[in-house]
Structures are given as C-alpha cells and as structure tokens.
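Notes to accompany the following structure.
The values are calculated or read from the model by the stated rules, or taken from the named source; none is laboratory data. Nothing here was measured: the structure is a model prediction, and the numbers come from that model. Counting neighbours? That spans all protein chains shown, and the Cβs are built from the backbone with ideal geometry, glycine included. Accessible surface areas use protein heavy atoms only, side chains included; no ligands, DNA or RNA. Shrake-Rupley method; radii C 1.70, N 1.55, O 1.52, S 1.80 Å.
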Amino acid sequence: ETFEVLVSTLVAGTPAGVLSFGNNDANESPFNFNITADVLTSLKVDNSSASGFTHTAGFGLYGGQGFLNSVRAEFSPNGGDTATWTFPALPSGMYRVSATWSHEPNRATNAPFAISSTVGGGMTGPILIDQKLAPGNASSPVGTSILDSGKTFADLVTVFNHTGGDLVVTLTDASVNGWIIADAIRVAAPGMLQIAAPEASAGGTVLSDAAILPVVRRAIDYWTQIDTSHAARLQGVEVYVRDLPAGVLGLGSFAAPQIWLDDDASGHGWQLDVRQPTGGVDLLTVITHELGHVLGLPDLDPRTHQGDIMSGRLTLGERRVAAGDWRAAGENLLAAPLGSAAAQPLVADQLYGWLAAREWSGRELSASGLVPSRGARQSEVSADETLPTLVERRVEELIEPLVDERRRRRELTATETAADDYFAELGSTDESQQ
C-alpha cells in the first residue's frame, strides 16, 4: 500500500514533522513516519542546468553574463535553431512564466518565445521580446517582472493555463533581427481566486486605480488586525489590473508582494463599496484573499472551507470580510484618539472613503469629550443600524467641529496676514516720509 502526503503552503523552506496513526496491530501501533518536504516558491531552468535545457548547434556558449554567469546565443535568422526549457510533469493549472537574459544593443527586438503543454494542447506564442532592453516591466509584454535570486525575470505571460504533462518553453530564430539569448526561465504557481459562475459578457464595473486604493487599504487592515507584523509585508504591495483568463478574479504571489485583478471580474463587474456589498463580485473579498497569498497562505478547498477568506472560489455577491471585522475597525477608530496609531487615516479610509481627508489627522479628540464611552457605543448599535452606518454617523459628528475649527483658523490666518501686510505698508510709508 502507498499513500501521498500533500504539503499545502506558499512559503519556501523545508518543513518537517512526524506523521502518526494507529492501526490494529497491538505490537506496531502507532505507525510513526518522519517526513520532510522541500518547498520552493519557483522552479528555474538555466542554460547551464544539468537537465531541463536543450539547444541546437547554432546556440553558442558565452560566459561572464546571464543568470548563472553564462548564456547561449544565436544569430542566424530562420536558420532552424531552437532552445528549449522543460519543466517535467507539472500539475495542470495556472503558471506564471518569466524569462531573463543579458541585454545589449546587438540583441533582437523580436526574440520569439512560446509556451506549451505536452498534454491537452495548451499553447501560447509567439511572444516577442525586445532583448535590447533589460529584463523588467518595460520589456515584459504584460508589463510585470519579478526579482529572484538576484536577477530580474520579465513575465512572458501573466499566467499560462497549463493543461498537463511537461510545461515547455521554446525560443527560435524565426525572422529574428538580432542576436537571441537563451538564459534562464522561471515558472511559479500563483495563488488564485476563481468565480463560481460562468464567464459573463463584458459590461460590468471596470477597475481604476482610484477605485482600488481604498479597498487595498481596507484589506491590509483586515490582515494587520490579525497580526500587526503583516503590515510591513503588505504596505508595499504592487497591484496590477489585467485581463485574466476566463473565470479568474485575482492572483497573488508570495515570492514578491504582487497581486493581479481581472479588469471586469470575469465579465460580471466589480462591487466596489467597502461598507456594504450590493451585488456583483466583491472587490474587498478578492483583494483580501490575494493579500493572503502575499503573506504565504495557500488556496483552500471550497468544498471543505466554504466561506473562509482563503477558499479558492467565490460566488456572486458574496463577502467574506465579516461584520466582526467592521466592529474591530470601528472600535479602533472610535475608542482611540485620532492621533494615535490605532486611528491613523489608513483605518478611516477603509471604513469610509471620504474620511481620507486629513482634517483630523494627529488631533486628540478624546480630551474634548467627543469620543463616546465603550458602553455608549454598544447601546447605540440598534437592530436596524449596522456598525458601518454607526461609524459613518459618529465620524461625521467628530469631524464637523474640527472642520469648523480649521475654517476659523484659516480665516484668522488670513486676517493676520492682511494685518501684517497693512503694518508693513504703513512702515514703508513712514520711512519714505522721514
């Protein structure tokens, strides 16, 4: 008999432990197994790899450059030469496929890469790469890249739908206009959230940077409430909006703090309101899920983890950031002086978009008696009033006198400036008369 142990994690390392289970043999129970696993965030095949890379005779070896200090290079347009990187027996699924190379002015601007699966017929290409440019966002056809092992890899695709068998990347000399460089290819499986509904025709709400920012902040707050150490990892997260494959709402990478969002929620349109979901695909849930991948959390089986923020499938109109999370954020905002760490503008943005105004940043409101007691807050949450609504109303009460005070201060400053100008002019007049 054989059995398999699945290690489900996005965190690189060598996890180890003891697997133990009982049996009906009194002399041998329990069975104990010491197990270890090597977990990688990516697979890489270099031109110097002992296995996985092959090339035809036209690709010569050049040292002192490239990922592992060497590359294979060729310049013979339509000469029939090919370089091939093979990643054997990868499970079917979505993979991020990236390339690196040494760039020089004599390189081709149209190096043709292709990606394919040996089972199921999955294939994309040619993907034309300008190898005069350094690997990076500018040289990636999808505008993204990643730093791995000290080298930058430009994404050939955001994700490739691998249909089974070996995942194979090829580079040929078909119609090239300069030297083509075969160096290293990187493959990684990002975390992914899918929609539990058929692909819809486009026409729903499409994302913009202005719409995404407050939702990202709210999602970051969700994770920092769980563990404040998450803040350092998530604050610099890069968010990309792309047309992802059918059914894919978002992707997340642990290797770098990066997430991707489908531009129109697989045709269903995005629901953008962080206070109350109103239909469509809930952007807050999707971003929160993908940030979980940035933190190293894997997708969970929706059959056994329905409703969990890391469940890998989402239904239309579903929100997984529960009311209790609103309560925690509301308590932080209402209980603490607004100048404290618990009530920075970041929290206010997540609770209510227009509270990004900095009128009250750094102010000590509790001393003024405007912040209600904990008991008063609890009693004010009636059955027909949600906490987000209460927070909105209470913050309006908090901000209004500050806005009035700031306005009075501006008026006073204007008056003082006018008085200074008057006396300065009067002084210059007196001097001229002397």
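Which of the residues that make up the range 141-161 are closer than 18 Å to Gly252 by Cβ and either buried (at least 21 other Cβ atoms within 10 Å of the Cβ) or among the β-branched types (Val, Ile, Thr) (or both)? Those that are closer than 18 Å to Gly252 by Cβ and either buried (at least 21 other Cβ atoms within 10 Å of the Cβ) or among the β-branched types (Val, Ile, Thr) (or both): Val142, Thr144, Ser145, Ile146, Phe153, Asp155, Val157, Thr158, Val159, Phe160.
Against the conditions (1) of a type in the set (S, T, N, Q); (2) under 27 Å from Pro141 (Cα atoms); (3) at pLDDT 90 or above, Thr285 satisfies every one except (2).
Residue by residue through the range 65-78, note down the ones that are over 17 Å from Thr152 (Cα atoms), within 37 Å of the chain's Cα centre (by Cα) and open to solvent by 60 Å² or more (accessible area, probe 1.4 Å). Hits for the range 65-78: nothing passes.
Among the candidates Ala265, Ala256, single out the residue that is open to solvent by less than 20 Å² (accessible area, probe 1.4 Å) and farther than 20 Å from Val187 by Cβ.
Only one candidate qualifies: Ala265.
The test for being farther than 26 Å from Gln306 by Cα and either touching a residue at least 24 places away in the same chain (Cβ under 8 Å) or in contact with a Leu (Cβ under 7 Å, 6 or more places away or on another chain) (or both) does not hold for Val248. Restricting attention to the range 184-225, the residues being closer than 25 Å to Ser92 by Cα and either modelled with pLDDT of 85 or more or hydroxyl-bearing (Ser, Thr, Tyr) (or both) number 12. Of the strands (runs of 3 or more DSSP E) entirely within the range 62-176, those holding at least 1 residues that are out of contact with any Ser or Thr (no Cβ under 7 Å at 6 or more places or on another chain) and modelled with pLDDT under 95 occupy 93-100, 123-129, 145-148, 151-162.
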